[in-house]
Amino acid sequence: MAVFKHLSPVLGGTLLAFSVGAEQTLSVITSAKDAFGTSKENESIGIYDASSVRGFDLSAAGNYQINGHYFVKSSGMSRFFVEQTNIKIGYGAIGSSMPGPSGVVNYQLRYPTAESNSSVRLGLESFTTRTLQAHMQGGTPDSAYGWSVGMGLEQNAGDAQGGLGESMILAGTLNMALSRDHRLQLLFGEYDFRRNSTFVIRLAEDNLALPREIDRQRYLGQDWAQNKGQSRILGGIYDWQVDSQWTIGASLFFSEDDDNQSFTQVFSVLTDSNLVDSLYVAAPKQRYRAWSGELTAAWQPGQSSLPQQLMLIARARLTTNHIGGERVYPLDRTVLGERPGVYQAPTFDNFTHDGLDEVEQYGLGLAYQVRLGQLQIGAGILVNQYDKRFEKLTEQHEEGLDPWIYNWNLLYPMSRRLSLYGSYAKGLEESGIAPASAANPNEVIPASLASQYDAGIQYQLTDKTKILAGLFRTTKSYAGLNNQNNEFGLLGEVTHKGLEISLSGEVQQGVNLVVGGVYTQAELAGDGPEGGHLGRHPVAVPKVKLIANLQFSPSDALTLDAGIEHLGPRYLSGRLDPISHQQKQTPSATRVNAGFTYQLPTEGPGSRIRLQILNLFDEFHYDVSSSETLTYSEPRTIRLLWDYLF
């Protein structure tokens, strides 16, 4: 049992970049190590994803890594350089040098070799989106160099609300063995898009009833309301094996999102839930830019009687966000689900952002791992300097924080199959950006401290299947909608505590299973309403989420798969219902997916077909966001892809 797996240079992620297998697979189920969140080849499974981990939004918190390295994300990512994405939480975060209290999204880069297959992909993504992709992979026979470069085009890129658009992406990665002890991996990506705007629904102040079911995949916006922009990413990871005991690692990433223009349509439900007021929030060019870097030095004695590792860590980030300048364009009152007429495009003279948000952050710390007999102990501490400056017209605000963040973790094998673990982490996390529907759209919310306790077990059922079960308690500042002024910001403190469980692995030859669930009890702190949030429960946090995914391979050529996801009730608003004087909740929802992959009988690497039906029974429900807006669930749709491998 690899109890001591973290006591290696992998502790900080410095060598992980060069340990990934070359061959890719379309199966996210066989790749998942647990049920806590895995993405691969544009497919995702798990009880968590980047937008919801134990009820918290990791994309808002900014907890990202690339091969274990510190990363501040403003752009998107691509399968052309990302092999797999995992949510690191609970047992999965044991041994990490500086885990985020709310969890971490870790992007695992591709490491192609001479045996890697290139491919051409042709097909339909969700909602009749036509896609064409070319993905070239290869390497030198001695594995000194490897590359993965891809280009993709999408036309009539549809979405669940009936909007159309198009996009282009060029991305890739290059890894190089500069010498026996020096390795470098580079990545890049450029993405350009144009697509119709989307809408959200806001409930009436005196009527918190859910709207009626409406027709889906019907565009309700104006043809001129198009979101346009680009995003890009550049980065590199360097590793130097100095000698048998010392390893140096360094990383630097640039990530940028340029929204040239964007529109959000807002339908505000009136007292009569069939009628809505409609408006557009138009945003001029907004730019979100981030630089982030990390330097590590890890020491691990070779033949010591006390297995241990010490790591020195230095990290820095600089984010510059040009935001603000939004304008509101009212439209006619209409019936929910109907287009509010056709309007002439407004003029955009002197339409520019009027706000600047900058963050400089520096950290210096230590992480230590040691094994005492069978007990593995780890701890880390990081001294931070966090400076934030916000300017908008005549306003100017500055914020300075210098917190010490720290963590500890324990892992103890009770037997060959059973292990106990426990951990604590305290960290500084971002709070996200105010949505377009709020009175302060695109405002960057201040960072705050968060803490999390974890305890649980890992039980190895067989050599290929395992169970994870754990308890957690997370406390942090609550970012939500102030029901008094409709501004999105920090509204006191919230605590999430609960139970999560995972079963994953190959239960018998050719049959893989990923099953999991989480129960979350979330409550705002304090004796009464605070900051405009009238109820005691945070919005949009599911009490229960259950998932089950099964993959069955009846032959070498054919693989069948199916998945089911159950989402429990979520609170709609911080406001209290005027009749019951309680916070209202959404009903539960259950969604089923099914698909197959078929390897066509051809010579060489061959070709394969992937068919997937999402939301098989066309289930309808409303999803609620932390900003108290609604969108309907995606209707049934089909993905049909053909990959030619060579």
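The values are calculated or read from the model by the stated rules, or taken from the named source; none is laboratory data. Everything quoted here is computed from the prediction, not taken from an experiment. Neighbour counts run over all protein chains shown; Cβ positions are idealised from the backbone, glycine included. Only protein heavy atoms, including side chains, enter the accessible area calculation; ligands, DNA and RNA are left aside. Shrake-Rupley method; radii C 1.70, N 1.55, O 1.52, S 1.80 Å.
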Here are LEU208, LEU186, LEU234: which of them is open to solvent by less than 60 Å² (accessible area, probe 1.4 Å) and either in contact with a Lys or Arg (Cβ under 7 Å, 6 or more places away or on another chain) or not aromatic (Phe, Trp, Tyr) (or both)? LEU208
ASP243: open to solvent by less than 10 Å² (accessible area, probe 1.4 Å) and without any contact (Cβ under 8 Å) to a residue 40 or more places away in the chain, yes or no? no
Those residues of the stretch 591-616 which are out of contact with any strand residue (DSSP E or B) (no Cβ under 6 Å at 6 or more places or on another chain) and on the phi < 0 side of the Ramachandran plot, in sequence order: PRO601, THR602, GLU603
Within the stretch 313-368, track down each residue that is open to solvent by 40 Å² or more (accessible area, probe 1.4 Å), over 25 Å from the mean Cα position of the chain (by Cα) and of a type in the set (A, V, I, L, M). VAL328, VAL335, VAL342, ALA345, LEU364, LEU366
From LEU418, LEU411, which residue is surrounded by fewer than 18 Cβ atoms within 10 Å (Cβ to Cβ) and not charged (D, E, K, R)? LEU418
Going through the stretch 345-368 one residue at a time, which ones are in contact (Cβ under 8 Å) with a residue 24 or more places away in the chain, assigned to a loop (DSSP other than H, G, I, E, B) and of a type outside the set (Asp, Glu)? ALA345, PRO346, PHE348, PHE351, THR352, HIS353
Return yes or no: is LYS392 of a type in the set (D, E, K, R) and modelled with pLDDT of 90 or more? no
In the stretch 443-466, anything in contact with a Lys or Arg (Cβ under 7 Å, 6 or more places away or on another chain), closer than 18 Å to LEU411 by Cα and open to solvent by 20 Å² or more (accessible area, probe 1.4 Å) is listed as TYR453, TYR459, GLN460
Got a number for residues in the stretch 600-612 being buried (at least 17 other Cβ atoms within 10 Å of the Cβ) and either among the basic types (Lys, Arg) or over 23 Å from the mean Cα position of the chain (by Cα) (or both)? 3
Residue count, the stretch 263-309, condition under 30 Å from VAL370 (Cβ atoms) and assigned to a strand (DSSP E or B), comes to 10
Any idea which residue in the stretch 624-646 is farthest from ASP159 (Cα to Cα), counting only those that are charged (D, E, K, R) and open to solvent by 50 Å² or more (accessible area, probe 1.4 Å)? ARG636
For ALA438, indicate whether it is in contact (Cβ under 8 Å) with a residue 60 or more places away in the chain, touching a Ser or Thr at 6+ places or on another chain (Cβ under 8 Å) and more than 30 Å from LEU471 (Cα to Cα). yes
Can you find, within the stretch 441-465, the residue that is farthest from LYS388 (Cα to Cα) among those that are of a type in the set (D, E, K, R) and without any contact (Cβ under 8 Å) to a residue 60 or more places away in the chain? ASP463
Which residues, counting only those in the stretch 522-570, are open to solvent by 30 Å² or more (accessible area, probe 1.4 Å), of a type in the set (A, V, I, L, M) and either closer than 18 Å to ALA50 by Cα or modelled with pLDDT of 95 or more (or both)? VAL544, LEU546, ALA548, LEU550, LEU558, LEU560, ALA562, ILE564
The stretch 469-521: number of residues that are under 17 Å from PRO542 (Cα atoms), at pLDDT below 95 and in contact with a His (Cβ under 8 Å, 6 or more places away or on another chain): 2
Neighbours by Cβ (under 6 Å, 6+ apart or cross-chain): first from the stretch 572-583, in contact (Cβ under 8 Å) with a residue 12 or more places away in the chain; second of a type in the set (Asp, Glu) and crowded, with 16+ Cβ neighbours inside 10 Å: SER573/GLU628
Look through the stretch 75-120, keep the residues that are within 15 Å of the chain's Cα centre (by Cα) and of a type in the set (Gly, Ala, Ser), and return whichever of them is surrounded by the fewest Cβ atoms within 10 Å (Cβ to Cβ). GLY76
Residue hits (the stretch 336-374; of a type in the set (S, T, N, Q) and in contact with a Leu (Cβ under 7 Å, 6 or more places away or on another chain)) are GLN369
Being touching a Ser or Thr at 6+ places or on another chain (Cβ under 7 Å) and modelled with pLDDT of 95 or more narrows it down to one of THR320, THR296, so name that one. THR296
List every residue pair whose Cβ atoms sit under 9 Å apart, with the two residues 6 or more apart in sequence or on different chains, where the first one lies in the stretch 266-279 and is of a type in the set (A, V, I, L, M) and the second, anywhere, is buried (at least 20 other Cβ atoms within 10 Å of the Cβ) and assigned to a loop (DSSP other than H, G, I, E, B). VAL266/ALA436; VAL266/SER437; VAL269/LEU203; VAL276/PRO340
Look through ASP192, ASP159 and report the one residue that is closer than 30 Å to GLN217 by Cβ, modelled with pLDDT of 95 or more and among the acidic types (Asp, Glu). ASP192
Of those in the stretch 571-584 that are open to solvent by less than 30 Å² (accessible area, probe 1.4 Å) and either within 20 Å of the chain's Cα centre (by Cα) or hydroxyl-bearing (Ser, Thr, Tyr) (or both), the residue nearest to GLY37 (Cα to Cα) is TYR571
